[in-house]
C-alpha cells in the first residue's frame, strides 16, 4: 500500500515516533489529535518513542498522519 | 538520480550473461515474495537441481503449491542455490531496481543471498533511492552513490533528449534546483516555456524538486478529460500493471476506451503487451495524492470488484481494505484469508500486516485484540521483536479476555528473554501466569514452570511473585502433561534453593512420566533443558539428539541451533569432544550464515572450552575470538549465564595462567550448571592457589549436590576432591572415586582421577602400582586428543619406569572453520548437495571450500580426504 492509501481503523494503533519530540510538540499532538472525530484517547510517550491513538468511531489513519505532519511530529508509516 | 539508466546500461553491457530482473513496487508491500518471484520466474525450471525441501519451499513461497513453507530460511536458501545453479552454466547478473520498495520477504531473501554468494559467478545489482526509508539494508555491500550531472553533461543531455538549448544562467538555476538529477532536469526543462529557457521570461518561484516535478505531471493530468483522469487514477491505485484489470475497473467508473487513448496520448501512461506503465513513480504519487479520500476509496472498490474471481485474492483483499470507511466483516474475512495464505508462504511480515489491517476494521475489542495477537506472532516469526511488542501493547489496550491477555503478556515475555533482558522476560512470564491463574490453572502452571526455568538459568526480579505460588499443584488424576508441568516447576524451583533432594526427585518424576508427542513444545523443551541441572548426560544427549533430528527434518533453523549447542554442553562433560567441536562449529557457521549473530557466543564459548581442555595450541586463539564476539554481541536472554560460565572456564584453563588468576575466573562462575561442570577444576585450582578455605567450601557445595541427587559423577568428584584436600586416606578416596566413575559416562574426569592416583602412588615410591592407572589415563587422554594431560601422563609413566610410547602424529592443518566443517562432513560420506543443505550454503560454495581443502592438504580426491587423520575421533 502507498503512504496515502485510505486506512480507516477503530481500536488502538501504536505509531512509532521518528526521532525525539519536545514538550511543545507533545502538547500539540495531544490537543490536535485528541480533537479528531472518533478519537477517544491519545497518549504520546516520548521516552518510549510511541504514540497510542484509540478510536471508538472509524477514523482514517492518513488523517491522523496529516495532523501529525502539521504539528511537526514525524512517525514511521 | 539516473539509477535506472545506469542499470539499463549495465544490462546492455551484459549481453553474454544471464540477466534476471525485477523491481520493488511500493504498493506490493503486502504481497510476500512478489518481487522475488518476478526475478526468478525465468529460471524456475532449474529448481530440480536443488535439495527437495528447498525446491518445495520456494514453490510454496511463490504460491505455486499450497504447501506450508515451514521455516522460511529454506526459501532464502533456495534463492541462493537457484542463482548458484543457474550461474553454473553462465554467469548471472540479477538486477533489482527500486530496491527500497521491495516487499519485506523478497528483500530479506535477496539480502540473505547477496551476503552468501562467495565464490559464485553471480552479480547482484540493487538500485535504491536514498531519500526513501524502506526496509532495504545495504550495509556491507559495495555502494556507488550516483551524484548529479555537471553543467556540460546537463547541456548535452537536454540537447540530446529534448533538442532544446538553454541559456547558461537558466541552466545553472535548473541544475541547482534539481541537484543535477537528470530526470528532474528533463522534466523541469519540459515544463518551461521557450522564453523561460532562453532567459527572456522569469522562471517560476523555486520549488522543491519532487513537488516541482509532481506539479508538472499534475498540470498535464488536469488538462485531460474527466474519464481519462479517472482511468489514470485507477492505474495509479492499481498495483498489478495489468491493462485488463485497470480497464475493467475504470469501465465501471464510466471511463471507456476513449479514456485509455487520451491517457496514452498525454504521455503519462504507456501500454505495452497488456501491461500498463506510468511514466514515472512520481506520476503515481502526484495523481493519487491529488484525489480526495472518497474518490480513492471508490477507485479501490472498483479495482477489488475487477479482481473478484481471479487468482489475485491478496491484491483484492488489500483493495477492499482501502475501500471501506469503517469496520466491515466481508473485508476482514478477506484480510484474514490473505494473512493465512501469507503465513503459509513464509511471508510473515505480510501476514502481520494483513492481520493488523483486519484488526483495525474489527469492531469487537476482544476479536480485534486476537487479530493483533496473531499479527504480533507473525512479527516474532519475521524477526521483528519491536514490531511484535508494539502490536501486543496495542492489543492489551483492548483485550478483556484474561487468557488472551495472558497470551499477549507471554508473547511480550518471549520477545524480552530472546532479544532483550532475561530479567524483564522473567517478570513478564510471572505476570502472564498470574493473569491466567484464576481462569485456567493448567495454562498458569505451564507459564509458572517457564518462569521457574528462567530463574534456574539466572533470571531475577525483585517484584515478581514466587512461581510456585501462582497456581495450585495439579491433582493426582490430572492429565500427565499437567502433572509433568507441576514436577518441572517444583524441580526448577528447588534448584534455585539448592534443595537437591527435592530437585532430583521432582525432575526424575517428570522425566519418567510419558507425555504425548503433541504436548506443548514448551514442555518437551524444558524436559530436555532440565537435564542440565542434574548433569544427567545420557538422558540429555538422547533428548537433544531427538530434538536435533526433528529440527533437521523440519529444517527449523533456530531449533537446529538450539539442539546443537545444548548437546555440546553434555558432550564436553562426557569427552565426546570431536563431536562436540563439530556440533559447535556447525552452530557457529549456522549463526553466521543465517544472520543469527546474537547467538554465536554460546558455540564460540563451547569451542574455547573444548580447545582449552585439550591443551590445543589454538586454545588462546579461540579464546580471543570469543572475547571479540562477546564485545560485539554481549550475550542476552537465556544463554547469558551459560556463556558467562563457559567463558570463565575457558579463560581459567589456558596453559600459561597462574593458579591465582585461574581461581579469580572460577570464583565468578555463578550458574549452578556451570559450577557443576567445573567442580573438580575449581577445587584443584583453589588448592594450588593456597585457598584451602575455598576448596573446602566448594567441596561442601558438591557434597550437598551428590547427597541430594546421588549422581555418580558428583560422588566421584567428591571423593577426588577429598583426596586432593588430603581428607582421610588419599588412596582410598581416589579408588572410591574410580568406583563411582565406573558408573558415570564422564570419561575426562575418570582419566583425571587415574592420573592423580598414579601421581600420588609414584610420589610415594610405589612405581609399579602407579603404572596401571597412568596407562589407563594416557589411553583415555590420547583418545580424547587431550594433549596437555596426555603429556603429563606420559611424563609420570616415564618417572614410574615405563618407556611410554610417543603419541600418534596428527596432520597439522590450517583449514578455516568453514573448510574444516566441509571437510568433516565430506569425510562422513555426505555429497556436496547434502553438505550444502546441512550448512545452509550453496553446493557451489561447498565445492569452492573443498578445492581449498585439497590444495592445503596436498590431495586431490574425496577418497584421500577420507583416509587422512585430521583430528582424533
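Just so it is clear, none of the values below were taken in a lab; they were calculated from the coordinates. What you are looking at is a predicted structure, and each value in this text was computed from that prediction instead of being measured. Note that we place each Cβ from the backbone using ideal geometry, even for glycine, and neighbour counts take in every protein chain shown.
Measuring r between the beta carbons of residue B:856 and residue B:52 and using R0 = 25 Å, the FRET efficiency lands at 0.15. Rounded to the nearest 0.05, what FRET efficiency do residue B:466 and residue B:558 give with R0 = 35 Å and r taken as the Cβ-Cβ distance? Could you check? With a Förster radius of 35 Å, E is 0.70. Taken over segment B:151-206, the alpha-carbon convex hull comes to 66 cubic angstrom per residue. Modelled label positions at residue B:632 and residue B:308, each set 7 Å beyond Cα in the direction of Cβ, lie 5.6 nm from each other. The equivalent ellipsoid of segment B:116-264 has semi-axes of 31, 30, 13 Å, largest first, where each one is the square root of 5 times an eigenvalue of the Cα gyration tensor. Report, in degrees rounded to the nearest 10, the 0 to 90 angle that the Cα long axis of helix B:168-178 makes with the longest principal axis of chain B. With rounding to tens, the tilt is 40 degrees. With each label modelled as a point 7 angstrom along the Cα→C-beta vector, the residue B:280-residue B:866 pair spans 6.4 nm.
Restricting the calculation to Cα atoms, every distinct pair contributes to the Kirkwood radius of segment B:649-724, found to be 12.3 Å. Among A:42, A:73, A:22, B:430, the ranking by other beta carbons within 10 Å of each residue's beta carbon, starting with the fewest, stands as A:22, A:42, A:73, B:430. Here the extension length gained between residue B:139 and residue B:66 equals 22.8 nm, from 0.36 nm per residue of separation less the Cα-Cα distance. Put the Cα centre of segment B:227-296 next to the Cα centre of segment B:132-178 and the gap is 28 Å. Take every pair of alpha-carbon atoms less than 8 Å apart whose residues are at least six positions apart; their mean separation over the length of chain A yields a relative contact order of 44 percent. Per-residue packing, averaged as other Cβ atoms within 10 Å, sorts the ranges B:702-710, B:218-226, B:73-81, B:503-511 into the order B:73-81, B:503-511, B:702-710, B:218-226, beginning with the highest. Helix B:679-688 and the longest principal axis of the Cα set of chain B meet at an angle near 60°. At the listed q of 0.11, 0.13, 0.15, 0.16 Å⁻¹, the Debye profile of segment B:704-808, built from one uniform point per Cα, gives log10 I(q)/I(0) equal to -0.32, -0.45, -0.58, -0.66.
Under 11 Å from the 7 Å Cα→Cβ point of residue B:668, by amide nitrogen: which residues of segment B:616-660? Zone members listed by number: B:644-645, B:647-649, B:651-652. The fraction of Cα-Cα pairs per 5 angstrom bin, counted from 0 for segment B:817-867, comes to 5, 24, 38, 23, 9, 1 percent, rounded to whole percents. The alpha-carbon atoms of segment B:218-323, seen along their principal axes, cover 34, 31, 25 angstrom, with the largest extent given first. Against chain B, whose longest principal axis comes from its Cα atoms, helix B:712-725 is set at around 60 degrees. For residue B:157 and residue B:618, what does the FRET efficiency come to when R0 = 51 Å and r is the distance between their Cβ atoms, rounded to the nearest 0.05? FRET efficiency, residue B:157 to residue B:618: 0.30. Using just its DSSP H runs of length 4 or more, each adding -39500 (n - 2.57), the protein assembly as shown gives a mean residue ellipticity at 222 nm of -20000 deg cm²/dmol after division by all residues. Contact order, relative form, for segment B:584-708: 19 percent (alpha carbon pairs under 8 Å, 6 or more residues apart, mean separation divided by residue count). In terms of the mean number of neighbouring beta-carbon atoms within 10 Å, the peptides B:23-35, B:377-389 order highest first as B:23-35, B:377-389. Length gained on full extension, residue B:731 to residue B:833: 31.2 nm, using 0.36 nm per residue less the C-alpha separation. Relative to the current alpha-carbon distance between residue B:476 and residue B:270, full extension at 0.36 nm per residue lengthens the span by 66.7 nm.
Take the Cα of residue B:202, step 7 Å toward its Cβ, do the same at residue B:739, and the gap between the two points is 10.9 nm. In units of the compact-protein estimate 2.2 N^0.38 Å, segment B:279-382 shows a Cα radius of gyration of 1.14. For peptide B:318-328, the mean count of partner chain Cβ atoms within 10 Å of a residue's Cβ comes to 4.
For chain B, what is the convex hull volume of the alpha-carbon atoms per residue, in Å³?
197
Neighbouring Cβ atoms within 10 Å as the yardstick, rank B:788, A:9, B:492 fewest first.
Least crowded to most crowded, the residues run B:788, A:9, B:492.
In units of the rule-of-thumb radius 2.2 N^0.38 Å, segment B:3-126 shows an alpha carbon radius of gyration of 1.00.
Normalising the Debye intensity of the protein assembly as shown to I(0), with uniform scatterers on Cα atoms only, and taking log10 at q = 0.05, 0.06, 0.07, 0.08 Å⁻¹ returns -0.39, -0.55, -0.72, -0.90. Per residue, the average separation of C-alpha pairs within less than 8 Å and at least 6 apart gives segment B:151-206 a relative contact order of 37 percent. Sorted on the mean count of surrounding Cβ atoms within 10 Å across their residues, most packed first, peptides B:439-448, B:169-178 read B:439-448, B:169-178. Compactness of chain A, taken as the C-alpha radius of gyration over 2.2 N^0.38 Å, stands at 0.99. Can you give me the Cα centroid spacing of segment B:415-444 and segment B:44-104 in angstrom? So the separation of the two Cα centres works out to 38 Å.
Each part gets one Cα centre, and for segment B:510-545 versus segment B:324-343 those centres are 40 Å apart.
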